[in-house]
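The block underneath contains the structure these notes are about, expressed in structure tokens.
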Amino acid sequence: MPQPIYKRLLFNTISLSILFVLPLAMPFAHAAAPAESPAPAEKRPDDATSYFLLGCEYDRAQKYAGAIESYKQALRIKPDYPDAYISLGMVYYKLGRYSDAVDAYRQALSIRPDAQPVYNKLGTAYIVLGEYPKALAALKQAIRLDTGNPLSHFSLGVAYLLNGDRDKAIREYIILKGLDKERANSLLELIY
């Protein structure tokens with residue numbers, strides 16, 4: 001007897017999150033961080049960048065409490081530091097604190113509204129929270145900023161499907177087929 005659609009969707013969504021959604025937790029702003037350890041924040045207590053880089057090092061070492069505190073300290077010094085909000089959101093996402101991740105991503109977008117990858121991250125966090133209409137809005141904005149991003153189209157297709165709109169999920173599959181056949185096939189498996 002075939003599994004009910006909601007069980008297949010849940011299983012496939014969890015499986016696909018390992019392949020496609022978890023890369024959203026990959027560093028967005030961390031690429032600029034140096035390979036060596038940053039100068040200790042204690043030596044430059046009023047430097048937001050030192051705290052940000054320290055947070056990046058804690059994050060890489062999977063010491064998330066230290067990363068959170070370092071990013072928050074960077075934001076206390078420089079409240080309009082979008083990379084610190086983005087990185088903070090990614091740590092919260094890794095910890096399963098999706099509502100906190102949403103808050104951090106929204107703060108980053110209030111400062112840098114053209115940050116397309118952050119709309120992907122925001123949309124994914126909303127999907128995990130089951131807030132599909134908000135996920136759809138975030139992912140549509142991600143696509144407006146970069147129409148050729150396969151991850152955005154995949155995530156939007158998943159959000160449409162979970163929101164009960166199979167026809168629009170199929171439209172995203174058709175678009176995705178021309179961008180990334182592997183992700184398109186994964187979306188098709190979810191749809192059918």
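The values are calculated or read from the model by the stated rules, or taken from the named source; none is laboratory data. Remember, predicted model here, so these are calculated numbers, not experimental data. FYI the Cβ positions are ideal-geometry reconstructions off the backbone, even for glycines, and counts take in every protein chain you see.
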Scan region 112-126 for residues that are in contact (Cβ under 8 Å) with a residue 60 or more places away in the chain and crowded, with 24+ Cβ neighbours inside 10 Å and report the count.
4
Consider Gly96 against the criteria (1) surrounded by 12 or more Cβ atoms within 10 Å (Cβ to Cβ); (2) at pLDDT 50 or above; (3) under 20 Å from the mean Cα position of the chain (by Cα): it satisfies all of them except one. Which criterion is unmet?
(1)
Where in region 92-192 are the helices (runs of 4 or more DSSP H), entirely inside, with at least 3 residues that are outside the structural domain of Leu75 (by TED's automatic domain parsing) and in contact with a Lys or Arg (Cβ under 7 Å, 6 or more places away or on another chain)?
150-162
Working only within region 144-168, note down all residues that are surrounded by fewer than 22 Cβ atoms within 10 Å (Cβ to Cβ), farther than 18 Å from Pro117 by Cβ and of a type in the set (A, V, I, L, M, F, W, C).
Leu162
Restricting region 51-78 to residues that are among the polar types (S, T, N, Q) and surrounded by 18 or more Cβ atoms within 10 Å (Cβ to Cβ), which is farthest from Met90 (Cα to Cα)?
Gln73
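Looking at the structure I just gave you, is Ala125 over 12 Å from the mean Cα position of the chain (by Cα) and either among the small types (Gly, Ala, Ser) or at pLDDT below 95 (or both)?
No.
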Could you say whether any residue in region 143-156 is free of Cβ contacts under 8 Å to residues at least 24 places away in the same chain and of a type outside the set (Lys, Arg)?
yes
